[in-house]
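Asker: I have a structure here, written as structure tokens, and I will follow up with some questions on it.
Where a number appears in this text, it was derived from the coordinates with a stated rule and is not lab data. Fair warning: this is a prediction, and the values are worked out from it, not measured in the lab. Neighbour counts run over all protein chains shown; Cβ positions are idealised from the backbone, glycine included.
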Amino acid sequence: MSSENYILILGATGNIGGKIAQELILKNAMIGVAGRSRQKLATFAGKAELLEGDFNEDAFLQQAFFKATSLFLTVPDDALATPAVTAQRLINLIQSSPIRHVVNISNCITEKYGQPTRLVAFEQELNKMGSINLLHLRCANFFENLHWGLHTPYKPDLALPYISSYEVASVAATYLLNRDFSGNSVKELMGPRDYTMAELAAAAGEEYVQLPYTDNNRHFYKGFNDGDFKVTPRTASNTSPLSENRFTLEYFLTHDFVQSVN
Ligand SMILES: NC(=O)c1ccc[n+]([C@@H]2O[C@H](COP(=O)([O-])OP(=O)(O)OC[C@H]3O[C@@H](n4cnc5c(N)ncnc54)[C@H](OP(=O)(O)O)[C@@H]3O)[C@@H](O)[C@H]2O)c1
């Protein structure tokens, strides 16, 4: 354990943050876990410093950043709606803290409808920080998205990259521990391969049914169905080596998948 690296994990009660915290606890890292729910944070009692509070309150982040040297950053959706404002707020808070390494979760879908996606727009704003070492993890879709439903308005033959959140967490934890990145950088995590929606449903034992759009979801799905988006090109180096069974779709479907009612 390094006494010099205190790693703060925002969103530690969520999917990715929680898995990063578990990885780091197994490696005896010194960590703080942040979230709004005292009850959910209690799962880390005795293994991490519990920091209960709201991302949108400066006083809370200031206190949480006070002794951190490394930060896992995930920004709540409402704060992503104003990327420049949120990034400037974080830049001010980070620069007046001991934090020198930040791992930020981002997205491999870089554009939609001709505009940068929200996480990519936020990356660009955060890059203005300059003085801190900042790594953006541009991740494929998490397998957990299947919890939204196996059957959606996506076209059956639409292929998108998917990845295990265990793999994302493992990569993030390793960077937070080793701090072997500098300046502004990007790591692409594209998962083992692209999957069509029909393939994903079939892997879970079902025949895919394309659902109609609703007024609420048309904007989200139509851009994908019309090909009006940009995704990080797949290469050998951003494709998962599948070094662990828990990084596979099969593991997710067997261990973590909870079938929802469409
Ligand atoms: N799903 C995908 O395919 C995908 C792909 C690429 C990137 N991403 C991005 O990955 C990130 C993390 O995803 P995830 O699946 O881990 O999300 P998640 O499970 O919903 O977790 C979100 C975390 O943020 C915390 N949180 C939310 N609002 C907060 C607030 N106002 N103050 C403090 N904490 C707050 C939640 O804690 P409490 O509610 O307990 O406070 C929770 O710990 C997101 O930015 C997502 O856009 C997702």
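Asker: Any residue in segment 137-149 that is within 14 Å of the chain's Cα centre (by Cα), buried (at least 18 other Cβ atoms within 10 Å of the Cβ) and more than 30 Å from residue 214 (Cβ to Cβ)?
Answerer: Scanning segment 137-149 turns up at least one residue that is within 14 Å of the chain's Cα centre (by Cα), buried (at least 18 other Cβ atoms within 10 Å of the Cβ) and more than 30 Å from residue 214 (Cβ to Cβ).
Asker: Could you list all residues from segment 221-262 that are over 23 Å from residue 202 (Cα atoms) and among the β-branched types (Val, Ile, Thr)?
Answerer: Within segment 221-262, 231, 232, 235 qualify.
Asker: List pairs: first residue in segment 108-135 and over 16 Å from residue 74 (Cα atoms), second residue of a type in the set (Asp, Glu) anywhere in the structure, Cβ distance under 7 angstrom, at least six positions apart or on different chains.
Answerer: 112/228; 113/228
Asker: Output the residues belonging to segment 120-149 that are outside any strand (DSSP E or B) and away from the ligand (no atom under 15 Å from the Cβ).
Answerer: Of everything in segment 120-149, those that are outside any strand (DSSP E or B) and away from the ligand (no atom under 15 Å from the Cβ) turn out to be 124, 127, 128, 129, 130, 131, 132.
Asker: Determine, yes or no, whether residue 152 is surrounded by 18 or more Cβ atoms within 10 Å (Cβ to Cβ) and farther than 18 Å from residue 245 by Cα.
Answerer: Yes.
Asker: Please verify whether segment 201-211 includes one or more residues that are touching a residue at least 60 places away in the same chain (Cβ under 8 Å), polar (S, T, N, Q) and part of a loop (DSSP other than H, G, I, E, B).
Answerer: No: segment 201-211 contains no residue that is touching a residue at least 60 places away in the same chain (Cβ under 8 Å), polar (S, T, N, Q) and part of a loop (DSSP other than H, G, I, E, B).
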